[in-house]
Amino acid sequence: MRASSGSKFRWPARDASAEDVLRWALDEFGDKVAISTSFQATGMVILDMAACLTGGDVRVFSLDTGRIHQETYDLIVAVRKRYGINVEMLTPDSVELSRMLTMHGPNLFYEATAKRRLCCEIRKVRPLKRKLATLDAWIVGLRKSQSQAREALDAVSLDEEHGGLVKIAPLANWSEERVWDYIRRNDVPYHKLYDQNYPSIGCAPCTRPTKPGEPPRAGRWWWEDEDADKECGIHVSPTGQLRRSFDVLLEEVLPPIR
Ligand code: SF4
């Protein structure tokens, strides 16, 4: 059931709490909804809430790009132990990855934004698209105040970028303080890089700690223009000249269709 085929479900109230939105999503979509997380603080809050609501009977998936931090793997082990959840790990297509690495080398992301977007496309966006094609809804840890690009975020929306499935962001209106208050009060396991001044955590070569006064996502792809959108393509697609350069690179890398 894709939402674009018509409103076949009742939407939660606009002022519904995060728990209510989550409960609604799990009831409404059953095993056709899954939590997508990279194990940042918001993802851990959602995971903990969902585990409390379901006793651990909830689907969770994550992208293993091949370049994530050891601390992220450690947290996945902690999640398995604490909640008994076998996280579904999504990996890049081996042929696409091999062609990209052969053509552009392992650290292409430092050379140009279009190449960085290509790496994110092969390691994150395409594996995610394959997973989302099997679901009716996905749950994400986005918050409005994380960046300008996310200010218009709704707690529940139709995700036209991914074929009209339902995108659920239960913490859309939460502040960072509220997230950390929940983590402390409920003793939720969290990513250890937060203790080393990483307010936003992605792949190891593309994330650095931030300095005092910097915005939270300043440590992501820090070598790029500071006005860049700091997105990987999952939630915000490239546009304009960047889109054109990216499209050329992607077409070269994708294996020919026989
Ligand atoms: S964050 Fe960096 S290493 Fe990870 S997929 Fe994007 S460019 Fe590649």
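Summary of computed values
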| quantity | calculated |
| --- | --- |
| Modelled FRET efficiency - R0 25 Å, residue 15 with residue 187, Cβ distances, 0.05 increments | 0.30 |
| J(HN,Hα) series, the stretch 199-209, from Karplus relation 6.51 cos²θ - 1.76 cosθ + 1.60, nearest Hz, glycine and proline x | x, 9, 10, x, 6, 4, x, 10, 9, 10, x |
| Share antiparallel - DSSP beta bridges, the chain, percent rounded to 5 | 35 |
| For the chain: relative contact order, % (alpha-carbon pairs under 8 angstrom, 6 or more apart) | 24 |
| Residue 173 versus residue 73: modelled label distance in nm, points set 7 Å from Cα along the beta carbon direction | 4.1 |
| Degrees, to the nearest 10: 18-29 long Cα axis against longest axis of the chain | 80 |
| Most mobile listed residue (64, 27, 48) in the chain, GNM with C-alpha springs under 10 Å | 27 |
| The stretch 134-245: antiparallel DSSP beta bridges as a percent of all, rounded to 5 | 60 |
| Separation in nanometres of the label points that stand 7 Å from Cα toward Cβ, at residue 88 and residue 52 | 2.5 |
| Estimated 222 nm signal from helices in the chain, with DSSP H stretches of n ≥ 4 weighted -39500 (n - 2.57), rounded to 500 | -10500 deg cm²/dmol |
| Placed amide H near residue 220: partners under 5 Å, 5+ positions off or other chain | 208 |
| Inter-centroid distance (Cα atoms) of the stretch 133-201 relative to the stretch 1-80, Å | 10 |
| Residues whose placed amide H lies under 5 Å from that of residue 156, excluding near-sequence neighbours | 169 |
| Residue 88 long-range amide H proximity, modeled H, under 5 Å | 60, 61, 62 |
| For the stretch 60-68, Karplus couplings with θ = phi - 60° (6.51, -1.76, 1.60), whole Hz, Gly/Pro x | 10, 10, 8, 8, 9, 6, x, 10, 7 |
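Every number in this text was worked out from the coordinates using simple rules, so none of it is lab data. Keep in mind that this is a model prediction, so the values were computed, not measured. Every residue, glycine among them, receives a Cβ derived from its backbone with ideal geometry; neighbour counts consider all protein chains shown.
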